[in-house]
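Input: a single structure, listed below in structure tokens.
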Amino acid sequence: MKISVVKNILEANDRIAQQNRAFFDEKNLMVINLMSSPGAGKTSLLEKTIHGVKDVMRVGVIEGDVQSTRDAERIAKSGVPVAQINTGGACHLDGNMIRETFESFNFDDLDLLVVENVGNLVCPAEFKVGEDFKAMILSVTEGDDKPCKYPLMFRESKLLFINKIDLLPYVDCSVQSIREEALNINPALIFFEISCKTGEGLDAWYRWLKETVDAGKSS
């Protein structure tokens, strides 16, 4: 009975996520579901990305947190539309939560919507929200054992950002090990080794993002 309840919850969410996806497709909008553990650098990457593509792309952000509006306040300073979702304890966002933010945006004025999910390496990977794809951030300060410990997150993601590489001289972490174990789980995973502190690797991410959004609009 317990397995059946969980299955029903996921199936109901998938239906709502599909409806969200259809709506985003009508608006010709690219949607990224950004996931990581707390403190890996989701908001920092968003700030850098907004600044890095502002001349060629219109970005909106949905912020998900258990409590507070601190991340949304940071993003709002970048001058982009942002909506805050406080889950009140839930460890992930779901399709219905995303739908409730629709009135906060004029989607006709956006090219890209980024959903910053709740900081967690388990639940966000299970719940679709209507995204084109999921992207994950792993900071080198978390160690290189996360792919084998949290395989679903790596399996469900299209992109993996390995962040805080400026700290590699000071931590016990092998980027090569992360790559090998992650590719064993998801051979199609796309990697970006970055530092939001120094800017290293971000230009390659901006180029990939622009090309992907442009390709989506022309298809």
Could you do me a favour and compute the accessible area per residue for the chain, 1.4 Å probe, result in Å²?
49 Å²
Pulled fully out, how much extra length does the chain show between residue 211 and residue 26, if you take 0.36 nm times their separation in residues and subtract their Cα-Cα distance?
64.6 nm
Would you list which lysines come within 19 Å of residue 146, measuring only between C-alpha atoms, while excluding same-chain residues fewer than 8 positions from it?
42, 134, 158, 164
Solvent-accessible area, 1.4 Å probe, carbon plus sulfur percent, for region 11-218:
46 percent
The alpha-carbon center of region 101-166 and that of region 180-211 are separated, in whole Å, by 13 Å
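The values are calculated or read from the model by the stated rules, or taken from the named source; none is laboratory data. Since the structure is predicted, the reported quantities are computational estimates derived from the model, not experimental observations. The protein model used for the area step is the full one, side chains on, heavy atoms only, and it has no ligands, DNA or RNA in it. Shrake-Rupley method; radii C 1.70, N 1.55, O 1.52, S 1.80 Å.
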